[in-house]
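Below: the structure, in C-alpha cells.
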Amino acid sequence: MIRDRRRPRPPVAAILALLSFLAPAGARADDAALLAARVADAQKLVAEVRGVGFRAPVASALLPEKDLEAVLARKLVEDLPVPFETYVATLAALGLVEPDPDLLARLTRLYTRQVVGYYDPAEKRFYIVPERAREAAGPAGDLMERILLAHELTHALQDQRLGLDRRMKALRESTDALLALQAFLEGEATLLMTDALLAGVPEEARQAFGDDPVDQILDGLAASSAVDGAEGVPEFFVKQLVFPYVAGTAWVRQRKREGGWPAVDAVYGNLPSTTRQILRPGAAPEKRKLLSSRDRPDPSRVPKGTVAAYSDTLGEWALGVLLERAGAGEASRDAAAAWQDDRVVFFAPRGCPPGRGIGFHWRIRATSPAGAGRIAALLAPLYAGRPAPAKPSITTRGDVVEISRPAAHPPAG
C-alpha cells in the first residue's frame, strides 16, 4: 500500500488499456514513419522485459480525432451477440442497469474520453490519435510513452500468442469467461508496463516509487471516486471497465510472485475461465459444481410464441454487482461467493422490435442449498417493486436458484 497518502495516485486514464501512447517532447505525432519507429522500439523493450519475442512487427496507423467517436461507437457494438438495444434490454430485465435511450452515446463518450490510442486485435494494428498525443505530451512525455506504449504492445504480443480476436468472439455468450480473460490480459500488461518503467529508472531513483509500484497503481484505481466521462453511465459498465485492471493485476501478480514470468507463461496453457478464479488470486484450483443438463436453460426450448435472443453465463462478479444493486451491501461479496455456475437464456415475443418485451430464464448453482437460499433472499428486494408482468419470480430447488421473467407480448391490434 502507499505509505504516504499525499503522494499523487496514478490517474485512472493512465491505466486504462485504451490510453496507450504519448509522443515524446518535440516529436511529430502526425508522422506515420516516426510512429512506426516508436512502435518498433517499444516491441524491443516489451520482448526484452517479458522474455518473449514477437513473431512479427506490429503495424501502426494514425487515427484523426474527428473520426475517433464514430470508430469507437462501432467497436462497442460490433461483437455483441445481439443488437445493442436488445443487449441493454436484457441487462435491464435482470436489474443490472436502468433503461436509457441515450446509453450508447454515454458509453461512447466514456471510452472516447480515455483514448489516446489502442491496439485492435481484429485488424492487428496499433492506432494513435495524434491530436491527443500532442496534448498529452509534457515534461514526462518520454517516461509516459515508455510505460504506456509498453502496455499496449503487450496486448499485441498476447494477440500473437493467443489469437485474441478469434478467442474473444468465441466468448460472446459468456460474460464471465470474457471478463476473466480480459482480467488476465490487462493484469499482465499492467505488470509488464511497470517492469518497463523500472527498467528505465536508475537504481538509486527507484525508491521514489515505493516498495511496490503495482500497489500504487491498484490503490489509485481502487480509491478513484470517478472515471473521466462516466457521468450518466450505469455503474455496472464503469465497474466492468475497471475490474480487469484491479483484479486482473492482482491475479497475475500473484502468479509472478510465485514463479516469475515463467509462471505467467504457464497460464497461457490454462487461461482463467471464470471471474471466480480472478477474485481469488492466491487460491488453489477448485472443482466447481456445474449445472446439470436438466437444470441448464436450453435456448431451443423457449416459451411458445417467443424466439431466443442469446444465452449467457454471468459469473460470480456480475452476480455480486447485482446483489449490490439489490441492496445487499457488504453481504453481496459473501453471498456471490457461493456461485458455482449459471446460465441464462433471454427471449422475446416473435416479431417484437429489438429490445422490447424481453423475458429470461436464469439458473444459478450454488455451493449448497443454504447458499442458494441466501442468494434468492438477497435478490428479492431488487424485483419487489416491479409490476406483475415485468416482475421476475425467484425460487430455489436444492442448491439451484431459478429466476424467471415472462416475455411481454405486445397488445393485439
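The values are calculated or read from the model by the stated rules, or taken from the named source; none is laboratory data. If you're wondering where the values come from, they're calculated on a predicted model, not measured in any experiment. We place every Cβ from the backbone using ideal geometry, glycine too, and count neighbours over all the protein chains shown. Surface accessibility is based on the protein's heavy atoms, side chains included, excluding ligands, DNA and RNA. Shrake-Rupley method; radii C 1.70, N 1.55, O 1.52, S 1.80 Å.
Quick notes on this one:
- Farthest toward positive dipole pole in region 227-358 [+1 Lys/Arg, -1 Asp/Glu at C-beta], among Gln240, Gly355, Leu291: Leu291
- Electrostatic tally near Phe237: other residues with Cβ closer than 15 Å to its Cβ, Lys and Arg +1, Asp and Glu -1, net -1.
- Backbone HN-Hα couplings from phi across region 342-350 [Karplus 6.51/-1.76/1.60, Hz, Gly and Pro as x]: 7, 7, 10, 10, 9, 8, 8, x, 4
- Distance histogram in 10 Å bins (all Cα pairs of region 269-349, percent per bin): 16, 37, 33, 13, 1
- Taking packing as the residue-averaged number of other Cβ atoms within 10 angstrom, the listed peptides 39-46, 357-364, 294-301 run from highest to lowest as 357-364, 39-46, 294-301.
- Counting only protein heavy atoms and a 1.4 Å probe, region 299-413 has 45 square angstrom of accessible area per residue.
- Cross-link reach list, lysines versus Lys44, counting only Cα pairs under 24 Å and skipping chain neighbours closer than eight places: Lys124, Lys256
- 22 Å tail of the calculated P(r), region 218-375, as % of Cα pairs: 55 percent
- Sequence-distant lysines (8 or more away, or on other chains) whose Cα lies within less than 23 Å of Lys239: Lys75, Lys169
- Rounded percent of accessible protein surface that carbon and sulfur make up, region 214-349, 1.4 Å probe: 49 percent
- Extension gain, Ala70 to Asp100, is 8.8 nm, computed as 0.36 nm per intervening residue step minus the present C-alpha separation.
- In percent, rounded to a whole number, the relative contact order of region 291-413 is 26, using alpha-carbon pairs under 8 Å and six or more apart.
- Segments 282-290, 335-343, 323-331 sorted - mean Cβ within 10 Å per residue, highest first: 335-343, 323-331, 282-290
- Peptides 56-62, 401-407 ranked from most to least packed, by the mean per-residue count of other Cβ atoms within 10 Å: 401-407, 56-62.
- Distance between region 40-56 and region 223-292 - C-alpha centres, whole angstrom: 24 Å
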